[in-house]
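Report on one structure; see the data block that follows.
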Amino acid sequence: MKQMNENEGLYFDLQPFLENDLLLLRPLKEEDFEDLFRVASDPHIWEQHPAKDRSQRNGFGLFFADAMSSKGAFAVIDKKKGEIIGSTRFHRVKETGKAIEIGWTFLARHYWGGVYNRSMKELMIVYAFQFVENILFYINERNIRSQKAIEKLGGKQIFTLEGYNLEVKPASAVIYLINKKNWESKK
């Protein structure tokens, strides 16, 4: 689905196919439910997340339905194995057309602590910076693992963007920013 960037007049496809040597990110499909639930059914994935019921079929079903209706969700596939290893999404930031959110990300535990999360986020960031100036990550204050991962990518904690107070979400009170200029200066 294409999303209008209000400030730029550009169209931003929220579900492109993105890939590198390790991963393929492709639009999430209804038929991905069982494969993705096998990954999500590990309760350790959700231990620092307020929605711990996502490891159960009903809780995951709600998460998956929301992902499908978002029109911005991806299946994350390990190219070597050809298997779904997680999911992530783009989401429009209502306060400005110059930013996009990356979130709702989870990976199978086997893929933690290595290059996979960074590789996935870099694919999304590089793509998004063709259309926006800022990438936002909304993270629960107890999810230290995700906060550290975004900080390793160069994310800085913020409360406002371009003079707008950002809406704090009940489950995600910590907001991180990666700005295009800072990102490009570090590459």
Mean separation of Cα contacts under 8 Å (at least 6 apart) over the residue count of the range 2-133, i.e. the relative contact order in percent, is 27
What does the helix-only formula give at 222 nm for the chain: each DSSP H stretch with n ≥ 4 adding -39500 (n - 2.57), the total divided by the residues, and the result rounded to the nearest 500 deg cm²/dmol? -8000 deg cm²/dmol
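Suppose every Lys and Arg Cβ carries +1 and every Asp and Glu Cβ carries -1, with no other charges. What dipole size does the range 2-133 come out with about its Cα centre, to the nearest 20 debye?
On the way: 18 positive and 20 negative charges, 27 e Å.
So the magnitude is around 140 debye.
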Exceeding the 25 Å Cα-Cα cut-off - candidates LYS81/LYS148; LYS80/LYS169; LYS29/LYS186; LYS81/LYS186; LYS94/LYS186; LYS98/LYS152: LYS81/LYS148; LYS80/LYS169; LYS29/LYS186; LYS81/LYS186; LYS94/LYS186
Could you give the alpha-carbon Rg of the chain over 2.2 N^0.38 Å, rounded to two decimals? 0.97
Using a Gaussian network model of the chain with C-alpha springs under 10 Å, which one of ASP66, ASP21, ASP13 is most mobile by mean-square fluctuation? ASP21
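Each value in this text was obtained by applying a stated rule to the coordinates, not by laboratory testing. Since we're looking at a predicted model, the values are computed, not measured. Don't worry about glycine lacking a Cβ; one is built from the backbone with ideal geometry, like all the others, and counts go over all protein chains shown.
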